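The values are calculated or read from the model by the stated rules, or taken from the named source; none is laboratory data. A quick note: this is a predicted structure, and the numbers were derived from the prediction, not measured. Cβ placement follows ideal geometry from the backbone for every residue including glycine, while neighbour counts extend to all protein chains displayed. Note: areas computed on protein heavy atoms with side chains; ligands, DNA, RNA excluded. Shrake-Rupley method; radii C 1.70, N 1.55, O 1.52, S 1.80 Å.
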Amino acid sequence: KHIYANPFKPEICPILSLAICVFSTNVFHRNGSDWCLFSGGSLEGKFSHWLQTTLKKDAEELKLLRSMVDELGTHSFRKGAVTHSLSFPGGPSVVAAYLRAGWSLGNVQQRYIFEGEGSDQFLGRVAAGLSLTEEAFTVLPPRLHPSFIISTEKWKELYPNYESIPRSFQSCLPYLLSSLSYHEEWLKSTLNPDHPLFRSIAWISGFI
């Protein structure tokens, strides 16, 4: 699955969300021989519990959603993303959307109909909320200038578990840090002042 940043709408940007999570917790853990970013055995159950708890809070902006608390679940996000992505004329194909959502095409169709080259990339940008009709649809994520190099020693300071996380994920950290830096003002004006991100070394050191 291809995941893209949406620097124009930080409230729905998956890259920024991941950056907040990663730099707030500094936790990777092993599950057998695998490294895991999220803890817990049943992530679906854990997320469902969080969603239900959040919707039941007495917050003004949740009034509309609260009436639907028993109808919303983790699958609502998947259905919503597919509905959104297929609502545009000339947008992503139904096949790409179904495959991305993990839905079956049916025994016969799955034998003959396959995803086209680049279709998941196209769908990924639409699902990220980027506008099909604007040049910004091809926007790149916030990133460091090529001349700005963060040494391994500096990464160890900024991210205490740096050496223990998989190398494949170490290459993601510059993009996550860049996203935090790019959206610094939005984060300060939106997140709770007690949010753990503001207690992370990367933040309190002033590096961002």
Mind scanning K1/K156; K1/K79; K9/K79; K154/K188; K46/K156; K1/K56 and naming the pairs with a C-alpha gap bigger than 26 Å? K1/K156; K46/K156; K1/K56
At 0.36 nm per residue, minus the direct Cα-Cα distance, what do F28 and T190 gain on full extension? Give it in nm, one decimal, please. 55.7 nm
Volume in Å³ per residue [convex hull over Cα atoms, computed for region 84-208]: 188 Å³
Among W155, S178, T138, flag the residue with its Cα farthest along the positive direction of the charge dipole of region 81-208, charges on Cβ as +1 for Lys/Arg and -1 for Asp/Glu. W155
What ranking of V94, V139 comes out by heavy-atom accessible area, probe 1.4 Å, highest first? V94, V139
T133: accessible area at probe 1.4 Å, nearest 10 Å²? 130 Å²
Modelled FRET efficiency - R0 22 Å, V139 with S171, Cβ distances, 0.05 increments: 0.60
Long-range amide H partners of C36 with built H, under 5 Å: H29, R30, N31
